Amino acid sequence: MQTPAQLGFHMPAEWAPHAGTWFSWPRPEGISFPGKYDTVPPVYAELIKALVQVERVFINVWHAEMEGWVRELLLQLKVPLERVEFHHFPAYEPWCRDHGPIFLTRTKNGLHERAIVDWGYNAWGGKYPPYDLDDAVPQHVAKLRNLPLFSPGIVMEGGSIEVNGRGTLLTTEACLLNPNRNPQLTRIEIEQYLKDYLGVTHIVWLGDGIVGDDTDGHIDDLTRFVNPTTVVTAVEVDPEDENFELLQENLERLKTQTDQDGKPLRIVELPMPGRIEFDGQRLPASYANFYIANGIVAVPTYRDPNDRKAVEILQSLFPDRRVLGIDSTELIWGLGSFHCISQQEPL
């Protein structure tokens, strides 16, 4: 059987035009927000209110009753529900970036075509069972959209990869080489899967993820493409902070890397918010967990002095989009933010 790359498919960059954004709505019974669930749906609603101005929103819900709650909440915020679609595709937890569909595109005989990659999902190395329903979400979406479905048969999460749409992929050793994902595979074999199923040609490996990240070091908290040749990378300026050295090491690695054409990456440093804790636990708060939509960029903010600086830096890098800072302080208690809960569907 031919691979997606052999068939001319590739994963487009996040800034490519969207048909919409997918979410999996969090359950009150879920484990992601212990003791604080009620503060989380309003954060989703604020993000969706911004997104529906520029694209459609598709929400996976557990059942009709949950759909009713979500509709009511969105109506309270005057979100136009004609821009929102609900699908009864249940997921235990809300991290759609990781369990949701990864869309591919190609142009063949003048026609624009799409497909979906259905990576295996094991809740970040089997940490939070059960996860069978979450793992099935891409299959439901492929059937809904009547799209070809490619199943590589290995574990991979959307938050662990970042592409520029031109052939380069960023990832981390801490996550993709962790034996709790694909212990049978070598680095070279993992690279081949990425090339075969995402249509990339060049892979840039960084090291560790930030402290408090239970995904074992997802790239979307560290370093992101903002255009085909430019990355932003999170940097901690306080030498006493436990993120300082690992982020400096990633920065130094980036300085030696190139894109798919052998050209050095343009690197822009993005500040980190100060230490954010809840119940004595350090949370993986990062401004790099922004989400790029059709006309906007949604940036998580944390009631921190660096919020404004991060938004200004990103606004300078996205001159054709409105960069919105949206308070993510409640959401980060689930150990993720806007990029972690969303998944783009390209046109």
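Every number here is computed from the coordinates shown, using simple stated rules; none is lab data. As the structure is a prediction and not an experimental result, all values here were calculated from the model. A quick note on method: Cβ atoms are made from the backbone with ideal geometry, for glycine too, and the neighbour counts reach across all protein chains shown.
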Fill in the blank from the handout: Rounded to 0.05, the calculated FRET efficiency for the beta carbons of L144 and D238 at R₀ = 41 Å is 0.30
Fill in the blank from the handout: Under 5 Å from the placed amide H of V204, counting only residues 5+ away or on other chains, we find L169, L170, T171
Exercise for the section: Restrict the search to the stretch 86-161; then list the trypsin sites (Lys or Arg not before Pro) that DSSP places in a loop and that have at most 14 other Cβ atoms within 10 Å of their Cβ. Expected result: K127
Completion exercise
Here the stretch 214-225 yields Karplus 3J(HN,Hα) values (6.51, -1.76, 1.60; θ = phi - 60°; whole Hz; Gly and Pro given as x) of 7, 8, 6, x, 5, 5, 6, 9, 10, 9, 9, 6
Completion exercise
Placing each pseudo-label 7 Å from Cα in the direction of the beta carbon, Q192 and I154 end up separated by a distance in nanometres of 0.9
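In what sequence, highest mean first, do 70-77, 238-245 appear when ranked by Cβ atoms within 10 angstrom?
By packing density, highest mean first, the sequence is 70-77, 238-245.
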Exercise for the section: Treat the stretch 150-274 as a sphere of radius equal to its Kirkwood radius over Cα pairs and apply Stokes-Einstein at 4 °C in a medium of 1.567 mPa s; give the translational diffusion coefficient in µm²/s, rounded to a whole number. Expected result: 87
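DSSP loop (so not H, G, I, E, B), at most 16 other Cβ within 10 Å: list which GluC sites (Glu not before Pro) in the stretch 14-60 pass both filters.
Those that pass, being in a loop and sparsely packed, are E29.
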Problem - Charge dipole magnitude, Cβ of K and R +1, D and E -1 - the chain, Cα centre, debye nearest 20 - result: 1320
Handout entry: Built amide H within the under 5 Å cut-off of G120, gap 5+
Key = G153, I154, V155, M156
Handout entry: Separation of the N180 and E245 label points, Cα + 7 Å toward Cβ, nm
Key = 2.2
Fill in the blank from the handout: Summing -39500 (n - 2.57) over every DSSP H run of at least 4 residues in the chain and dividing by its residue count gives a helix-only mean residue ellipticity at 222 nm, to the nearest 500 deg cm²/dmol, of -7500 deg cm²/dmol
Exercise for the section: Would you kindly state how much longer the chain becomes between H112 and D279 on full extension, computed as 0.36 nm times their sequence separation minus their alpha carbon distance, in nm to one decimal? Expected result: 55.2 nm
Problem - trypsin sites (Lys or Arg not before Pro) lying in DSSP loop within the stretch 229-314, provided at most 13 other Cβ fall within 10 Å - result: R303
Handout entry: Length gained when the stretch S316-L73 is fully extended (0.36 nm per residue, less Cα-Cα span)
Key = 84.1 nm
Exercise for the section: Taking amide H positions as placed in the peptide plane 1.01 Å from N, state which residues far from Q343 in sequence (5 or more) or on other chains have amide H under 5 Å from it. Expected result: W22
Completion exercise
Length-normalised contact order of the chain, Cα under 8 Å, at least 6 apart, in percent, tallies to 21
